[in-house]
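K.L.:
Got a structure for you, written out below as structure tokens; questions coming shortly.
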Amino acid sequence: MAATVKEVLPPILDSTSQPPPLFDGTTRLYTNLQCPFAQRVWITRNYKGLQDKIKLVPIDLANRPTWYKEKVYPENKVPSLEHDNKIIGESLDLVKYLDTHFEGPTLLPDETAKREFAEELFNYTDTFNKTVFSSFKGDTTKEVGVAFDYLESALEKFEGPFLLGEISLVDFAYIPFVERFQLFLQEVYKYDVTTGRPKLATWIAELNKIDAYTETKPDPEYVVNFYKKRFLVIN
């Protein structure tokens, strides 16, 4: 359901930028083009074909406009959604909100077993991320496998290449982080997350066939350099 023509991204707003005309009836997704949390919602928007219904407003997180915290979202983080004269935050809440409040393909199945497993997987996202991040400070290649083994096992539960069998919000919740971890682990530790995990390899390959996702992918060099500066601290 992605747009057939690649979207032209709007300019990034920083501390020198004026705010958009807030609460004028326009639905806006305040985002950051490098943020994996915001990417979850961006992918969902694209897959549901909402490019014309939800306007992207990229924010420079290193030089944020003061009006964003004061007038839009007091939490001062992304993503947030301006819709129906209110602001909604938190990426996992937002992907579900987009799925239930906007047109386009439904991205959570009706089957009870899949719904329950979806919630289990949503609940594990923080553990997954923390496990990988903490591994960067320890024996990385030994510790990081637990998180990716969890995904490999999860992909065995239902028939089909995705976490619930068919494409869903759960895939969009994980792939922004998996793609970054995959790049960093390969570059720095020569660790391939797909080795011995054929279902994970297929999952990544299948997602990379979807324009709604690939159009949101960050620059690999930026990701690796960002993670090196953040995690490879030389004492």
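K.L.:
Would you be able to tell me the number of residues in segment 177-214 that are open to solvent by less than 40 Å² (accessible area, probe 1.4 Å) and within 18 Å of the chain's Cα centre (by Cα)?
P.N.:
The number of residues fulfilling the criteria is 13.
K.L.:
Suppose we filter segment 32-48 for residues that are open to solvent by 10 Å² or more (accessible area, probe 1.4 Å) and either closer than 19 Å to R64 by Cα or at pLDDT below 95 (or both); how many remain?
P.N.:
The total comes to 6.
K.L.:
For segment 52-95, which positions are open to solvent by less than 60 Å² (accessible area, probe 1.4 Å), of a type in the set (A, V, I, L, M) and not in a helix (DSSP H, G or I)?
P.N.:
Within segment 52-95, I54, L56, V57, I59, L61, V78, L81, I87, I88 meet the criteria.
K.L.:
Another one. On the given criteria, is L108 farther than 20 Å from Q18 by Cα, under 18 Å from the mean Cα position of the chain (by Cα) and at pLDDT 95 or above?
P.N.:
Working: farther than 20 Å from Q18 by Cα: yes; under 18 Å from the mean Cα position of the chain (by Cα): yes; at pLDDT 95 or above: yes.
Judged against the criteria, L108 is a match.
K.L.:
To continue, here is another question. Identify all residues within segment 215-231 that are outside any helix (DSSP H, G or I) and either open to solvent by less than 50 Å² (accessible area, probe 1.4 Å) or touching a His at 6+ places or on another chain (Cβ under 8 Å) (or both); write none if there are none. Write out each step before concluding.
P.N.:
Pass one, segment 215-231, residues outside any helix (DSSP H, G or I): 215-219.
Within segment 215-231, E215, T216, P218 meet the criteria.
K.L.:
Is it the case that segment 157-170 has a residue that's in a helix (DSSP H, G or I) and either surrounded by fewer than 18 Cβ atoms within 10 Å (Cβ to Cβ) or among the hydrophobic types (A, V, I, L, M, F, W, C) (or both)?
P.N.:
Checked against the condition, which is being in a helix (DSSP H, G or I) and either surrounded by fewer than 18 Cβ atoms within 10 Å (Cβ to Cβ) or among the hydrophobic types (A, V, I, L, M, F, W, C) (or both), segment 157-170 yields at least one hit.
Residue-by-condition table, conditions (1) closer than 16 Å to P36 by Cβ; (2) outside any helix (DSSP H, G or I); (3) touching a Leu at 6+ places or on another chain (Cβ under 6 Å):
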| residue | (1), (2), (3) |
| --- | --- |
| T141 | no, no, no |
| L151 | yes, no, yes |
| I175 | yes, no, yes |
| V178 | yes, no, no |
| V188 | no, no, no |
| D192 | no, yes, no |
| G196 | no, yes, no |
| E206 | no, no, no |
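K.L.:
For the condition modelled with pLDDT under 95 and either within 25 Å of E90 (Cβ to Cβ) or more than 21 Å from the chain's Cα centre (by Cα) (or both), what is the one hit in K217, K137?
P.N.:
Working: K217 fails: modelled with pLDDT under 95.
Being modelled with pLDDT under 95 and either within 25 Å of E90 (Cβ to Cβ) or more than 21 Å from the chain's Cα centre (by Cα) (or both) holds for just one of K217, K137, which is K137.
K.L.:
Hey, another quick one. If I ask for residues that are over 19 Å from the mean Cα position of the chain (by Cα) and among the acidic types (D, E), which ones from segment 76-105 would you list?
P.N.:
D84, E103
The values are calculated or read from the model by the stated rules, or taken from the named source; none is laboratory data. Keep in mind it's a predicted model, so treat the numbers as computed, not measured. Counting neighbours? That spans all protein chains shown, and the Cβs are built from the backbone with ideal geometry, glycine included. Heads up: the accessible areas ignore ligands, DNA and RNA and are worked out on the full protein's heavy atoms, side chains in. Shrake-Rupley method; radii C 1.70, N 1.55, O 1.52, S 1.80 Å.
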